[in-house]
Amino acid sequence: MANRIRQICRDHGCYCKPKKATHSASPPPPAVDLELLQRYIRLREDGKFLDLEINCSDGSTRSVHKFILNSLSVKLGRSILELEDSDVSFEAPVEVLDALIELAYTSKLNLTGGNMDTISQLLRIASKYGIKSLKQELSCHIKSTLSLSNALEFFNHASENSLCQKDIQLIRAYILKKNFMALNEQSNGFSNIS
């Protein structure tokens, strides 16, 4: 089973895919350039040069820098570049967009008080646009908040939105380890566990 999961992750370019060891003389690049992130945060706070206005499904709007959102993924960047005007519609409520913008500017996902619907929509967006950093952050959040009351929903959302197979297996093991009957009573059954 573990070999099959490792193979699936390797085949799909998963964010948990182990990096191949290189024997070059150059050191690995830093994980996050803190100075650059500080510049992004100042740029956001100044509110200058904003070139994209996004309208959310709940009527709220947010202004951002295209190049900052573009840095999240190639697919998202392409969809932004294909836009002819600087006014865009976003298929989710403002809480979801705010979380995505926060990730773009700070490399951190702030989900304090984030409900299951927000997490589900962020997983869908991460899958649709191939945003690995969002999947990583959501994976950490899911693993740190996993409980009897949310395990089935996390499992369903993670399975539907291509979260890493290792994470899906972890959630599955959690469900099987905990009181199976208690979970079954809290839900409509285990239709997706195989």
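The values are calculated or read from the model by the stated rules, or taken from the named source; none is laboratory data. Remember, it's a predicted structure, so these values are computed and weren't measured experimentally. Note that each Cβ is placed from the backbone with ideal geometry, even for glycine, and that neighbours are counted across all protein chains shown. These accessible areas exclude ligands, DNA and RNA; they are computed on the full protein's heavy atoms, side chains included. Shrake-Rupley method; radii C 1.70, N 1.55, O 1.52, S 1.80 Å.
Descriptive notes on the structure:
- Listed residues 51, 117, 167 arranged by accessible area, highest first, probe 1.4 Å: 117, 51, 167
- Counting only aspartates and glutamates at least 8 places from residue 178 when in the same chain, those with an alpha carbon closer than 16 Å to its own are 153.
- Residue-normalised accessible area of region 130-179, given per residue in Å² at a 1.4 Å probe: 46 Å²
- Protection proxy ranking, peptides 70-76, 97-103, 140-146, average beta carbon neighbours within 10 Å, highest first: 97-103, 70-76, 140-146
- Heavy-atom surface analysis with a 1.4 Å probe gives region 63-168 a carbon and sulfur content of 47 percent of its accessible area.
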